[in-house]
1. Within 10 Å, count the other beta carbons around each residue, average over each peptide in 17-23, 117-123, 33-39, 83-89, and list them highest first.
2. Using +1 on the beta carbon of Lys and Arg, -1 on that of Asp and Glu, and nothing else charged, what's the dipole of the chain about the Cα centre, debye to 20?
3. Tally up the carbon and sulfur contribution to the accessible surface of the chain as a whole percent, 1.4 Å probe, everything protein left in place.
4. Give me the distance between the Cα centres of the range 131-146 and the range 152-170, rounded to whole Å.
5. I need the Debye-formula profile for the chain: one equal scatterer per C-alpha, no solvent, reported as log10 I(q)/I(0) at q = 0.08, 0.11, 0.12 1/Å, two decimals.
6. How large is the accessible surface per residue of the range 1-100, computed with a 1.4 Å probe and reported in Å² as a whole number?
7. Taking only pairs that are 8 or more places apart or on different chains, how many Lys pairs in the chain have Cα atoms under 13 angstrom apart?
8. Which whole-Hz ³J(HN,Hα) couplings does the range 28-35 yield from phi under the Karplus relation 6.51 cos²θ - 1.76 cosθ + 1.60, θ = phi - 60°, glycine and proline marked x?
Amino acid sequence: MALQIYQIKITLNGSKPKVWRRLLVYSDTKLDDMHRIIQTSMGWKNSHLHLFEDGINQYSPSEFEVAKTMDSRAISLKTILKNQESIINYVYDLGDRWEHEILLEEVLIEHVSGQIPKCISGKSSCPPEDCGSIYGYTELLSIISNPKHEEYESMIDWLGDDFDPNYFDMNEINIALNSKNYGCEWNE
């Protein structure tokens, strides 16, 4: 039996401009690997705890010792994303609580050639780490769009010269996804 491939869309909730990625992943991808894939495809740095939520259960690596969660190493996507239009949530940084919706758009039965996982489309750069949740990111965007703002210089210094909220490079993401640990540093 051929492995099923899921076409999923990951959207960072509340982001403006919208930050999203469309990916192809195997249906039997474990949630701990899905975490790595999300980190790389969205542009996060894997600096914080994370968990998945399906509306009934929460899942995170057991060593995180997050109360009332199941071990994400034992759960595959197909266990919780069972049908087209199924949704789960991914929360990165339990303090800032970056919430992502993962939508199963399509189950591909036919053979898909090439690299899996693979980013096939997307838009915008994810927020910088530690900018204070979606509300802090909204404020940051407001500040850096106004060179006359009193915090403009300090925010640009903090961000560095290379931050562009509209940046998205699918080729760069796919090169990273094709490397060890899907391009995500992972502390075991």
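The values are calculated or read from the model by the stated rules, or taken from the named source; none is laboratory data. Here the structure is a predicted model, which means the values were calculated and not measured. Using ideal geometry, Cβ is built from the backbone for each residue, glycine included, and neighbour counts are taken over all protein chains shown. Ligands, DNA and RNA are excluded from the accessible area calculation, which covers all protein heavy atoms including side chains. Shrake-Rupley method; radii C 1.70, N 1.55, O 1.52, S 1.80 Å.
1. Details: 17-23: 20.1, 117-123: 18.1, 33-39: 24.1, 83-89: 13.7.
By packing density, highest mean first, the sequence is 33-39, 17-23, 117-123, 83-89.
2. Values: 17 positive and 30 negative charges, 157 e Å.
Computed charge dipole of the chain: roughly 760 debye.
3. Working: 4730 of 10020 Å².
The C+S portion of the solvent-accessible surface of the chain is 47 percent.
4. 11 Å
5. -0.27, -0.50, -0.59
6. On the way: 4490 Å² over 100 residues.
Per residue, the range 1-100 has an accessible area of 45 Å².
7. On the way: 9/18; 9/118; 9/123; 16/123; 18/123; 30/78.
Qualifying lysine pairs in the chain: 6.
8. Listing the rounded values in order: 8, 5, 6, 4, 5, 6, 4, 4 Hz.
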